[in-house]
Each structure stands twice: as structure tokens, then as C-alpha cells.
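Peer 1: Encoded as C-alpha cells, here's the structure I'll be asking about.
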Amino acid sequence: SRWYQRRVRATMMSYLPPYSECLSSGTVSLLKEMSSTLSEDIKRWRSSSVEAYQTQLSCLERMRHEIMLLRTTVSSQETTIDSLTTEIERLRLGKGVCEREFREYRAQVRAMLSRLKSGNEDLESAENQIMSLTLLESKDPHINGHEVGNVVLRVGEEEFTTIEDDFRAAVCSTPSYRSIRITTVEKQNAKKSNLLRNVYKARCNALRDPNLTMTLYYCGGKGGTLHRILRDGFLPKDMVPGDFGVGLYFTQNPVRAMQYSEPGLLMQCEVGIGMAESVLKVDQTRNRPPVGYDSILTGERDVDHIGIYSHQRHNELQYLVFDSKQAVPNYLIYFNV
């Protein structure tokens, strides 16, 4: 027993030879071959993983591009649908006017034929009256005063001269624009204008100060929307993002409005201001006026480095409304500088 304990506790019993020394040369070469094979497998796996990742990334990019194309297509289709809807409404109104005029024309012809049969009128006189009615309607592009499209004001008309004088008086403070010349002015036909103005007046009556309305110039329309706005009025999709919020921007200075409008075009509007709050702090997420107000009065939309408008000039002030029914177009002005 004592000899056994000495043998167990001996140094030789705890000796562990080096691992490499106990391996044969064949085993070492096998391990090296396995390590090389494993490294090649890892490289192949890494290469295939990178290739799969690149394929997935390419698919994602194609999907993103397709989504952008679909969004563009949907947007263009919505614009086309809106224009077609407006055109259908215009044609419907024109059709109703034509049908009414035709009924009146037919009634007059029947009355003439009745008088002709009774002997109260001769054939030649009746034919002349019928021909005069036909020529009158064929020459009248407004269908007896009911214009389907916009009305064009020509140079020399009293209304045209008034608009031109007001416009020149507003731009006289800018020397480079003193030679500006108005070529044409368009306005809505009476029927369409009455419909839009009824909606506008109803909205103004709901303002906190219904009597505070102003004639201003629209700061927008670079996307070619001015003709559609003149025809159909302002719509919620006409709200544009700006430094002070998303809405419709207007100014008293036509030169300032030209910077945001389509080249050569400018729109004069009547805007229901109501109670306006003066705002200096920039807030691009604002989509409604402050509590207790109907609109906001801002500085020019060129922000300084701290986002506060500390220097304002009266002719650079802009009014911002957040309801498309709070403004109605008056005239679309064509000009040359």
C-alpha cells in the first residue's frame, strides 16, 4: 500500500508529452490537408454568401425602382383622371347649353312654320328668319353668352387696363421690372366663377373676421397648374410645403410671386385672410393656423442660419392659408419683361 501511494504520486505519473511529438507524420499531414480543405470550404461559402447578398441587393434595387415607377404612373394617372373629370364636366355643361339652345331654336322654327301654314307669313320671310338664326348660332363662339372655357381680355378693354395699371403700380418699386408688359389676361366664365365664389363666400363667412379679404398674387404654379387652377379653382392637392408650413402662399408683391410662378404667368387671387397671426419661427410641419386664427402672416421664404425672420419688409410679407376654399382665382396674367 505504501509503495503504491509513492508510485501514484511520482513525477512520472503526471508527465504529459507534447501533442505534436505523439503524432505520426501521416496524422500531421492529414490534419494539414483537412485544414486546407476547411479553409477552401470557408472561402467558397463566403464567396457564395457575398454573391447571394449582391443578388438580393440587386433585386431590392430593382423593386425600389419599380415602386418609384409605379408611384409616378399612379400620380400621372390621377392627374389624367382629374383633367378628364374636369373635361367631362365642361362638356356636360356645354351639352346642356347646346340642348337648351336647340330646343329654343326648334320652338322658333315650329312657330314660324305654324304662322306659315296659317298664312300669316310668306315662305321667303320664314326662310330668311331661319337662316338668320342658323348663322347667328354658328358665328357665336360663346353659345348665346354662355362661355364654356375661360374668357380672354384683350388689350384696350377697360377691365384689362385696370388690371394693367394695378400691376404696374405694384412693380414700380423694382427698377428691373419697370419695362414689364402684360400681353393677355384670362378669367373664368361667369357660370364657373359664380360656383367657385359661392363656395369661397361660404368659407369666408365662417372666418373669425369675414370682412378681411385681400387681392393678392399666388406664390406657386411652377408645375404648370395655373391654367387648371383658373378653370377649377384651388384644390387640396395645390397645397405646397414651405418654411412656415403646408398651404397656399400669397403676397402683395407680384415680383416676389414671379419667383414661385411659371415663367411668363402670374395669378391674381382674392384671399380670405380673416384673423392673421404674425409668425417668425420656421415650422415646415405646420398644416393649420394657430388656435384662434384663420391664417398666418410670414416673412420671405429665404431662411437665415437660425431659422428666424428678424428683418422683414412690408412688400416681402406673405400670407399663408391652410384651406383651399379660402382663396379664389381672379385673373391669369400673361406678361413679358
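The values are calculated or read from the model by the stated rules, or taken from the named source; none is laboratory data. As the structure is a prediction and not an experimental result, all values here were calculated from the model. In this analysis, Cβ positions are derived from the backbone assuming ideal geometry, glycine residues included, and neighbour counts consider all displayed protein chains. These area figures cover heavy atoms from the full protein model, side chains too; ligands, DNA and RNA do not enter into them. Shrake-Rupley method; radii C 1.70, N 1.55, O 1.52, S 1.80 Å.
Peer 1: Here are some residues: Leu91, Leu60, Leu84, Leu69. Which one is hydrophobic (A, V, I, L, M, F, W, C), at pLDDT 80 or above, within 18 Å of Lys191 (Cβ to Cβ) and open to solvent by 80 Å² or more (accessible area, probe 1.4 Å)? Write out each step before concluding.
Peer 2: Numbers: Leu60 fails: within 18 Å of Lys191 (Cβ to Cβ); Leu84 fails: within 18 Å of Lys191 (Cβ to Cβ); Leu69 fails: within 18 Å of Lys191 (Cβ to Cβ).
Among Leu91, Leu60, Leu84, Leu69, only Leu91 is hydrophobic (A, V, I, L, M, F, W, C), at pLDDT 80 or above, within 18 Å of Lys191 (Cβ to Cβ) and open to solvent by 80 Å² or more (accessible area, probe 1.4 Å).
Peer 1: Being open to solvent by 80 Å² or more (accessible area, probe 1.4 Å) and modelled with pLDDT under 85: is that true of Leu30 here? Before the answer, list the steps.
Peer 2: Details: open to solvent by 80 Å² or more (accessible area, probe 1.4 Å): yes; modelled with pLDDT under 85: yes.
Criteria met by Leu30.
Peer 1: Something else: Can you tell me how many residues within the stretch 204-224 are open to solvent by 40 Å² or more (accessible area, probe 1.4 Å) and assigned to a loop (DSSP other than H, G, I, E, B)?
Peer 2: 9
Peer 1: Is at least one residue of the stretch 272-295 among the charged types (D, E, K, R) and surrounded by 21 or more Cβ atoms within 10 Å (Cβ to Cβ)? Even if it seems obvious, please write down each step before you answer.
Peer 2: Step one: filter the stretch 272-295 for residues among the charged types (D, E, K, R), giving 277, 281, 283, 286, 288, 294.
When the remaining residues are screened for being surrounded by 21 or more Cβ atoms within 10 Å (Cβ to Cβ), the result is 294.
Yes, the stretch 272-295 has at least one match.
Peer 1: Hey, another quick one. Would a scan of the stretch 134-142 turn up a residue that is under 30 Å from Arg231 (Cα atoms), part of a helix (DSSP H, G or I) and modelled with pLDDT of 75 or more?
Peer 2: no
Peer 1: Limited to the stretch 292-307, what total is found for residues that are hydrophobic (A, V, I, L, M, F, W, C) and at pLDDT 90 or above?
Peer 2: Here is the first cut: in the stretch 292-307, the ones hydrophobic (A, V, I, L, M, F, W, C) are 296-297, 303, 306.
From what's left, at pLDDT 90 or above: 296-297.
Result for the stretch 292-307: 2.
Peer 1: In addition: Residues Ala169, Ala190: which one is over 22 Å from Met275 (Cα atoms), touching a residue at least 24 places away in the same chain (Cβ under 8 Å) and either surrounded by fewer than 19 Cβ atoms within 10 Å (Cβ to Cβ) or in contact with a Lys or Arg (Cβ under 7 Å, 6 or more places away or on another chain) (or both)? Before you say what the answer is, go through the steps one by one.
Peer 2: Numbers: Ala169 fails: touching a residue at least 24 places away in the same chain (Cβ under 8 Å).
Matching residue, one of Ala169, Ala190: Ala190.
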